[in-house]
Amino acid sequence: MKPLVIIPTYNEIENLPIILKRVTDDAPMVDILIVDDASPDGTGALADDYAIKYSKIKVYHRSKKDGLGGAYREGFKHGIQLGYDTFVQLDADGSHPTDRIPALLEALADHDVAIGSRWIKGGAVVNWPLSRKVLSRGGNLYARLMLRLKINDATAGFRAFRKDALLKTGLLETTSQGYVFQVESSLLISRNNLRVKEIPITFVEREYGTSKMSQAIVKEAMLKVTRWAFSGR
């Protein structure tokens with residue numbers, strides 16, 4: 001496999017050095033693509049400095065802040081153009097355990113998609129207030145029931161895809177921008193009967209910077225999930 005870890009960034013200048021070191025230490029077999037949304041704090045410029053020093057790190061600049069879904073779609077497309085055949089989604093804030101990247105990649109030997117799951121046996125969330133846990137578990141349950149999903153952690157953002165599976169889902173032609181992109185991904189994975197392996201992870205809340213979660217993102221997710229459910233998508 002030729003694996004590429006895609007890391008969307010917006011104002012993650014404190015977290016970027018930390019996450020890059022973790023990835024290179026824990027998964028030396030991967031290359032890294034940073035997709036930066038014109039971060040005003042200089043994250044994009046710092047990413048360029050890393051790319052100059054390390055051939056395994058690449059940067060894709062977008063002209064404005066345009067959502068997580070768009071960042072991943074453009075990252076996938078750019079990676080495919082560069083010849084990669086395996087892709088890992090990774091948050092820049094350090095919440096995803098980079099030491100589980102090898103396990104996700106190993107799972108792709110006999111699965112189409114691997115998901116780092118918080119809400120299965122062995123999974124956990126650290127440093128979240130009760131309100132955030134309720135929101136996450138409630139949203140996940142709503143999506144699973146409404147869309148009849150086979151994936152336990154339908155909102156998980158730590159995922160690995162084989163290129164052929166990614167193309168089969170049609171995920172590159174979707175339009176979701178916020179975190180509902182992960183639910184749309186789960187829906188397309190389920191509808192296409194892809195082979196999925198969920199691997200338990202411990203999700204740790206960020207130490208630096210601010211979460212990008214907002215009421216608008218939650219609203220987009222609720223409206224789209226409900227629309228998909230009643231449209232029979």
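The values are calculated or read from the model by the stated rules, or taken from the named source; none is laboratory data. No experiment lies behind these values; they were computed from the predicted model shown. Cβ atoms come from the backbone with ideal geometry, glycine included; neighbour counts cover every protein chain shown. For accessibility, only protein heavy atoms count, side chains too; no ligands or nucleic acids. Shrake-Rupley method; radii C 1.70, N 1.55, O 1.52, S 1.80 Å.
With unit charges on the beta carbon (Lys/Arg positive, Asp/Glu negative), name the residue among N193, F158, Q89 whose Cα is farthest towards the positive pole of the charge dipole of the chain. Selected residue: N193. Compared with the dominant Cα axis of the chain, that is its longest principal axis, helix 15-26 is turned about 90°.
Across the chain, C-alpha contacts under 8 Å between residues 6 or more apart give a mean separation that, scaled by the residue count, equals a relative contact order of 25 percent. Restricting the chymotrypsin sites (Phe, Trp or Tyr not before Pro) of segment 1-98 to loop positions (DSSP other than H, G, I, E, B) with no more than 16 neighbouring Cβ atoms within 10 Å leaves Y54. To the nearest ten degrees, helix 130-147 and the longest principal axis of the Cα atoms of the chain are 60 degrees apart. Using only side-chain charges placed at the Cβ, +1 for Lys and Arg and -1 for Asp and Glu, the dipole size of the chain relative to its Cα centre rounds to 980 debye. Between I120, I19, I57, the residue with the greatest mean-square fluctuation in the GNM of the chain (Cα pairs under 10 Å linked by springs) is I120. Sorted largest first, the spans of the alpha carbon positions of segment 118-231 along the three principal axes are 36, 29, 26 Å.
Relative to the longest principal axis of the Cα atoms of the chain, the long axis of helix 215-231 makes an angle of roughly 50 degrees. Atom-type composition of the exposed protein surface of the chain places 54 percent of the accessible area on carbon and sulfur (1.4 angstrom probe). Among the listed pairs K65/K121; K77/K219; K64/K219; K56/K219, those whose Cα-Cα separation exceeds 31 Å are K65/K121; K56/K219. For the chain, the share of DSSP beta bridges that are antiparallel, to the nearest 5, is 20%. Between the alpha-carbon centres of segment 142-210 and segment 1-80 there is a gap of 20 Å.
Each of P3, G116, A47 was scored by the projection of its Cα onto the charge dipole of the chain, and the greatest displacement toward the positive side belongs to G116; charges sit on the C-beta of Lys, Arg, Asp and Glu. With all projection directions averaged, the alpha carbon convex hull of the chain covers 11.6 nm². Computed with a 1.4 Å probe over protein heavy atoms only, the accessible area of K219 comes to about 130 Å².
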